[in-house]
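None of the figures in this text is laboratory data; all of them are computed from the coordinates on show. It should be emphasised that the depicted structure is a prediction, and the values quoted were computed from it without experimental measurement. Every residue, glycine among them, receives a Cβ derived from its backbone with ideal geometry; neighbour counts consider all protein chains shown.
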Amino acid sequence: MKRIATIIIVIMALCGAVRAQGDYEALTFSQADYWGTARFMGAGGAFGATGGDFSALSTNPASIGLYKRYETTVSPMQLNFGYTDTWYNGDKSSAQKFKYTVPQAGIVMAHDINRNNGWKKWQFGFGYNRIMDFNQTLRANTEINSTIGDAIAAHADGTYYGNLTGDASLAWYGWLIDTLAGDQSHYQGFYRGYNINQSALVVRSGGINEMQFAVGGNYNDKLYIGATLGFSFLDFKENTTYQETPADADDLFNVKSYTLYSTQRNSGTGVNLKLGVIYQPADFVRIGASFHTPTYYWKIRDYFSRELDTRFAYPLDNGATSLNYSYENSNVFSLTTPLKFNVDASFLIAKRAFIAAEYEFQNYGMASMYADNYDYVVENEAIKDKYGAAHSMRVGAEVNITQGFALRAGYRLRTSPYKLTESPYNNTTHFISAGLGFKGKVMFFDLAYVLRMCKDSYWLYDAYGTPCNYAAKTHSVVATIGCKF
């Protein structure tokens, strides 16, 4: 996820001074990694023109037209092991996270059409695919001579101390900032000018699951069409813990440490429509294309809470050895994600193998936010300024070694959504996958391994300070069981 500086400035501070919905949420909730069946994942998700896999209904719904029998699939196991290395101010930190999910379940029904007009079958499918997975843990530790208090003080400057709200109010009452001498409206951080130890822990969880209703048709085994009505269920949660302590002493001015706890939670439901077509000009090749309307989230519930805990070396006048202040707020907003275009091709080899490729285009600058009680003009301008065209490429292959045993491999690339980022830490994401499958006359079993790699950057609290760079790797194992009848 790109830049927690962005979160601080326009959505929420990871460990910082300002918090509101903003462009970061628009980006995060618009992205899609397309998880699903083990066969789909093992071959890099390149099933748009290949067809015959339930998870391909998320990319090209015309793939349902290739079904000639009933099929049910469920992927009861996706094991994710995430490992993240973070570099901040020259210091390296690492974090791990293990997560179990169920990425897919669905059924497809194929029916004969008893007419002599070229249409051979129609299909109906129902189920869900996991579109995006947010699970990740980040950690950063360093010694530095800057402080979160300075960032909050800059945000609070010009406001009389009796009128401070939100993070500025927490910082004022929790001894994180203080007024300048003889000035009750300008501030500085309490640790200003001293070396301090900073530590941050970010734990993200949740994902986007899409419930799908698909219908398709087969015309003369040459033309396949399909449409998918999707209902997206968004669940995002982020817990952050940020702490500062003096580096050269047990305390400064009696303050031993500040610890800032934050919780961000978003949930909502969206709807979209996907239309697709596949044409097979020869027995060995299929070409396809699809169009995805924007996903419209009509009510995203947004909850945020912040708690500041300040610890002292010696009791205060009232005997307290700590101060604790908190606040929370909630809101509801709507989001329209960008539309998508997809083109794909699949080359069939002697009915024993295929090689497939797909390309998908999406312009994240087309996302927009709105609400009844707020116009989101600033945030929507930020979306247009920061985000632009992103490209996704998927290539994959499958070969049937025997009638009942297949091997698969694939690669996926999702390019950076940012307009002005030349750093390699720019949210570009790579997937490398492999898989195998066993099938009988009725039952089949598939297994896949996926390595997801992403490099990105964030700032702890100051967009103009020292950035954190991180490299995240997630190892996933997906299993699918199904039957044809």
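Counting only residues at least eight positions apart within a chain, or on another chain, the lysines with an alpha carbon under 30 Å from that of K92 are K2, K237, K256, K386, K419, K455, K473. Under a 5 Å amide H cut-off, with hydrogens placed 1.01 Å from N, Y67 pairs with G52 among residues at least 5 apart or on other chains.
Computed extension length for L339-A353: 1.8 nm, one decimal, from 0.36 nm per residue of separation with the Cα-Cα distance subtracted. Paramagnetic label reach from T466 (point 7 Å along Cα→Cβ; backbone nitrogen cut-off under 17 Å): within the stretch 183-199, residues 191-199. Less than 5 angstrom separates the built amide H of C468 from those of Y458, W459, L460, all sequence-distant by 5 or more or on a different chain.
Using the Karplus relation 6.51 cos²θ - 1.76 cosθ + 1.60 with θ = phi - 60°, the per-residue 3J(HN,Hα) values for the stretch 105-110 come to 7, x, 9, 10, 10, 10 Hz, with x marking Gly and Pro.
Assuming R0 = 22 Å, what is the FRET efficiency of A181 and D317, from their Cβ-Cβ distance, to the nearest 0.05?
Details: r = 22 Å, r/R0 = 0.98.
Working from the Cβ atoms, E equals 0.55.
Count Lys and Arg as plus one, Asp and Glu as minus one, and take only other residues whose Cβ is under 11 Å from that of S290; the net charge is then -1.
K121: net charge of surrounding residues, Cβ under 15 Å, Lys/Arg +1, Asp/Glu -1, itself excluded?
Numbers: positive: K68, R69, R115, K120, K222, K484; negative: E71, D112, D221.
Net of charged neighbours comes to +3.
Ranked highest first by average number of other Cβ atoms within 10 Å, how do 42-52, 245-255 line up?
On the way: 42-52: 28.9, 245-255: 14.3.
Per-residue Cβ counts within 10 Å, averaged per peptide and sorted highest first, yield 42-52, 245-255.
Considering only Cα-Cα distances, which of the following residue pairs are longer than 18 Å: K121/K340; K121/K222; K68/K274? Listed pairs above 18 Å: K121/K340; K68/K274. Scalar couplings 3J(HN,Hα) for the stretch 358-375, obtained by applying the Karplus form with A = 6.51, B = -1.76, C = 1.60 to θ = phi - 60°, are 9, 9, 10, 10, 8, 9, 5, x, 8, 5, 8, 10, 6, 7, 5, 10, 7, 8 Hz; x denotes Gly and Pro.
Projected label points at D372 and I113, each 7 Å from Cα along the beta carbon direction, are separated by 4.5 nanometres. Enumerate the residues in the stretch 183-197 having an amide nitrogen under 20 Å from the point lying 7 Å beyond the Cα of D157 toward its Cβ. Within reach of a label on D157, which here means backbone N under 20 Å from a point 7 Å along Cα→Cβ, the stretch 183-197 contributes 183-194. Residues in the stretch 200-209 carry Karplus couplings, in order, of 9, 10, 10, 10, 9, 8, x, x, 10, 9 Hz; the curve used is 6.51 cos²θ - 1.76 cosθ + 1.60 with θ = phi - 60°, and Gly or Pro positions show x. With a cut-off of 10 Å between beta carbons, the residues surrounding D385 carry a summed charge of +1, where Lys and Arg count +1 and Asp and Glu -1.
With 0.36 nm allotted per residue and the present C-alpha distance subtracted, the L413-T72 stretch has 119.9 nm of extension available. What FRET efficiency would be calculated for the residue pair N141, M393, taking the C-beta separation as r and a Förster radius of 41 Å, to the nearest 0.05? Approximately 0.65, to the nearest 0.05.
You can think of it this way: the chain between S267 and V285 has 2.3 nm of extra reach, that is 0.36 nm per residue less the Cα-Cα gap.
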